[in-house]
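The values are calculated or read from the model by the stated rules, or taken from the named source; none is laboratory data. These figures come from a predicted structure and were not determined experimentally. Cβ placement follows ideal geometry from the backbone for every residue including glycine, while neighbour counts extend to all protein chains displayed.
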């Protein structure tokens, strides 16, 4: 019955539907780009490039972009633009049986908004601490009786101590909740305040804010690029990043990582893109928009990895030089040689000489072996890259406050523009549901959303908060998206039918989608998504879910202690992964049952008859 | 002369000697003048510590100066016959005045090392309000100000819109009621119009 519903909207009625719209096309494109370009472009892509064979990783990355990223992006943008509704109503319009897809993507947006803003809280905490001289993560504090440095700090590093103790105040186990960290609560309130400020009236306000939050990161990246390239050791870092190792392509993990990275990087299946494009004028070239956004996102990832790896190379080189210098000092002190006799350049010759003449003395010094490759191999992604590695590198730069401030403002803008997309994915469908009356001001609705999210997100400011954020990120922000995207493509290609969709797109853009789109929408993208989903699930099941806990009492401290999740936490993980996906079959089942019950009762009159009679009574009788 | 050398060397064999190490790759070479300054600083430290002004530069003896620049030194006490001041006293004196000694050489605790004397760790300067709280306050104030401004402007806009629609409705009520295409006002209903046709017929009717 749903297939008979006409979804063609006449152009005249669109002008008066009162839907908010973008001030100009640039705002819309910038919002989509801001949503897609997020923290992952800075701290996940360079890491993947590094561990998956450098330049060779770009091959599976671009293949995934062409066959998975761009088709799905075009699909979502065209869908939103044509139906002019948020995700829930849009999928309901396509088919009531597919309404679950919209509800699922709304749920994922809610879950991701909750924990994503807490990551921004951490960024803000580091930002407001960057105004101190010296930077608080550069020195270890003293212990209680002022005899030495704090033990936890001394055994790990000052940077680690500041992150794990001063910021997170992390507990040694995910089951130990700890208390609410008041400084994080304050920052969380400020972050949600800023999000509320920018999304208070929907796209009216985010459209203005996006000019700053989407463009500013590019400025800072450029500044870091120029500065990073002048740092010593930058070329080593870049060479390490981009040296292609083509053998890596034989490893299926690499292809899987490329596919998932493209998928999550473009922020597909959140419903936010559908919401953004629903505010577009209907005759807008969504095909060009999709290609533009996808290419800008990928270029940004590449552009961001250059300063990141210059700085990492600088940090590795500085660490290597420090290691050498320490060894040199101990040798000089032991043998009472004059200063400057041993320098980094002739270190190896000296070591060989001394080892042959005084092997016992050299052995007694316990010199550490300094290997530049080892320092470069210390690769980290995610929060570790930003809050540990990068902060350490920033201390070594002259003018560290300015660099730290710039870096954290950039991260904050990147995250904030992605938050806009997430909040829009939550906000727009709510406005269209019948539960909220039309007279409620938008400010109130967005205020309530932000307030409820703030209260729930307080859980992430507990001592065990960062473990929970990892759980949310791995389970709620990954698997459901694959499922929802799969059903999106299948729904449009086989329920709504590609022929009809192509006609709609032609009406919007003025040309029929060409063979590339037809093939990818119909066959390649669904197949690719299915393969990625199966591979992802298989890999997740194979490795037992464990996490690295920061435990000062661990014997191998400062290495992280590998712990297994207790069963109740595992249950929550499964729930997070399954809950958004479950709506897809649930809603379909609900409508199926409703239809079956409806057809069983012959006395019930189909609703079309009533509407005709109602329509007749409205017409004025001509004979009166 | 041999006797003098032996006299000079022997103090370093004593237990009270302290080892000192200088990393002087920072702009000047270690020569006899630097040694003289060092002796002066140690004498100064001893004077300040024991507050008796008897220690002279000649009381400080350096020995075993190597190219690395490291040496041992002792402080003798001229009041008591050629005895050396106990190492612990010298250590304490140097520790108290470490800052001054370092600054005289433009060096720090790492580059001018006294072995066996651990540097006292000075606690970092803590301002009364942590800096981050101030920055946080600024950010929060800006955010709240922005929110209040937007909400107030939203309410004002809504009031203006609703008062505009009210004005529009009043204008509609002022529109004239129309009967049969003729506005009511032109038909002066209070005063009737005398139809001239009937008035003229009054004379035809005979009077009773």
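When A:422, A:514 are screened for being more than 25 Å from residue A:583 (Cα to Cα) and either crowded, with 19+ Cβ neighbours inside 10 Å or out of contact with any helix residue (DSSP H, G or I) (no Cβ under 7 Å at 6 or more places or on another chain) (or both), only A:514 passes.
State yes or no: is residue A:484 in a helix (DSSP H, G or I), buried (at least 17 other Cβ atoms within 10 Å of the Cβ) and without any contact (Cβ under 8 Å) to a residue 60 or more places away in the chain?
Numbers: in a helix (DSSP H, G or I): yes; buried (at least 17 other Cβ atoms within 10 Å of the Cβ): yes; without any contact (Cβ under 8 Å) to a residue 60 or more places away in the chain: no.
It is false that residue A:484 is in a helix (DSSP H, G or I), buried (at least 17 other Cβ atoms within 10 Å of the Cβ) and without any contact (Cβ under 8 Å) to a residue 60 or more places away in the chain.
No other residue among A:295, A:329 is within 14 Å of another protein chain (Cβ to nearest Cβ) and over 17 Å from residue A:421 (Cα atoms) apart from A:329.
Any residue at all in region A:62-80 that is closer than 30 Å to residue A:401 by Cβ and assigned to a helix (DSSP H, G or I)? Working first, answer last.
From region A:62-80, those closer than 30 Å to residue A:401 by Cβ are none; that's our starting set.
Scanning region A:62-80, I find no residue that is closer than 30 Å to residue A:401 by Cβ and assigned to a helix (DSSP H, G or I), so the answer is no.
Being under 21 Å from the mean Cα position of the chain (by Cα), more than 14 Å from every other protein chain (Cβ to nearest Cβ), modelled with pLDDT of 85 or more and closer than 12 Å to residue A:238 by Cα: is that true of residue A:314 here? Outline the logic, then answer.
On the way: under 21 Å from the mean Cα position of the chain (by Cα): no; more than 14 Å from every other protein chain (Cβ to nearest Cβ): yes; modelled with pLDDT of 85 or more: yes; closer than 12 Å to residue A:238 by Cα: yes.
When the stated conditions are applied, residue A:314 does not pass them.
If you go through region A:263-284 and pick out every residue that is more than 24 Å from residue A:89 (Cβ to Cβ) and in contact with a helix residue (DSSP H, G or I) (Cβ under 6 Å, 6 or more places away or on another chain), you end up with 1.
If you take just the helices (runs of 4 or more DSSP H) that sit entirely in region A:150-265, which of them hold at least 3 residues that are more than 18 Å from residue A:300 (Cβ to Cβ) and away from chain B (no Cβ under 13 Å)? I'd like the intermediate steps shown before the answer.
Working: elements: A:151-155, A:158-161, A:182-199, A:203-230, A:234-242, A:252-265.
It comes to A:151-155, A:158-161, A:203-230, A:234-242, A:252-265.
Scanning region B:131-148 for residues that are over 17 Å from residue A:198 (Cβ atoms) and within 7 Å of chain A (Cβ to nearest Cβ), we see that the one that is farthest from the chain's Cα centre (by Cα) is B:136. The selection criterion, being within 10 Å of another protein chain (Cβ to nearest Cβ), loosely packed, with under 10 Cβ neighbours inside 10 Å, closer than 25 Å to residue A:150 by Cβ and at pLDDT 60 or above, holds for residue B:122.
Flag set for residue A:127, criterion: under 25 Å from residue B:148 (Cβ atoms), in a helix (DSSP H, G or I), at the interface with chain B (Cβ under 9 Å from one of its Cβ atoms) and modelled with pLDDT of 90 or more. With respect to (1) within 30 Å of residue B:70 (Cα to Cα); (2) free of Cβ contacts under 8 Å to residues at least 12 places away in the same chain, the lone exception for residue A:334 is condition (2). Consider region A:510-520. How many of its residues are at pLDDT 90 or above and under 31 Å from the mean Cα position of the chain (by Cα)? Here the count works out to 5. Quick check: anything in region A:117-131 over 29 Å from residue A:433 (Cα atoms), touching a residue at least 60 places away in the same chain (Cβ under 8 Å) and either out of contact with any helix residue (DSSP H, G or I) (no Cβ under 8 Å at 6 or more places or on another chain) or surrounded by fewer than 20 Cβ atoms within 10 Å (Cβ to Cβ) (or both)? The answer is yes, given that some residue of region A:117-131 is over 29 Å from residue A:433 (Cα atoms), touching a residue at least 60 places away in the same chain (Cβ under 8 Å) and either out of contact with any helix residue (DSSP H, G or I) (no Cβ under 8 Å at 6 or more places or on another chain) or surrounded by fewer than 20 Cβ atoms within 10 Å (Cβ to Cβ) (or both).
Return yes when residue B:32 is crowded, with 16+ Cβ neighbours inside 10 Å and modelled with pLDDT of 70 or more and no when it is not.
No.
Just wondering, is there one or more residues in region A:46-58 that are outside any helix (DSSP H, G or I) and at pLDDT below 90? Yes: one or more hits.
Looking at region A:432-443 only, could you name the residues that are within 14 Å of chain B (Cβ to nearest Cβ) and either in contact with a strand residue (DSSP E or B) (Cβ under 9 Å, 6 or more places away or on another chain) or loosely packed, with under 13 Cβ neighbours inside 10 Å (or both)? Give the steps one after another, and end with the answer.
Just the residues of region A:432-443 that are within 14 Å of chain B (Cβ to nearest Cβ), to begin with: A:438-443.
A:438, A:439, A:440 - these are the residues of region A:432-443 that are within 14 Å of chain B (Cβ to nearest Cβ) and either in contact with a strand residue (DSSP E or B) (Cβ under 9 Å, 6 or more places away or on another chain) or loosely packed, with under 13 Cβ neighbours inside 10 Å (or both).
Residues in region A:343-367 that are surrounded by 10 or more Cβ atoms within 10 Å (Cβ to Cβ) and closer than 22 Å to residue A:237 by Cβ: 2 in all.
Which of (1) within 11 Å of chain B (Cβ to nearest Cβ); (2) surrounded by 13 or more Cβ atoms within 10 Å (Cβ to Cβ) does residue A:147 not meet, given it meets every other one? It fails just one condition, (2). Does residue A:321 meet the test of being more than 12 Å from chain B (Cβ to nearest Cβ) and either touching a helix residue (DSSP H, G or I) at 6+ places or on another chain (Cβ under 7 Å) or more than 30 Å from residue A:223 (Cα to Cα) (or both)? In short, no. Residue count for region A:538-565, restricted to those that are exposed (fewer than 12 other Cβ atoms within 10 Å of the Cβ) and touching a residue at least 60 places away in the same chain (Cβ under 8 Å): 1.
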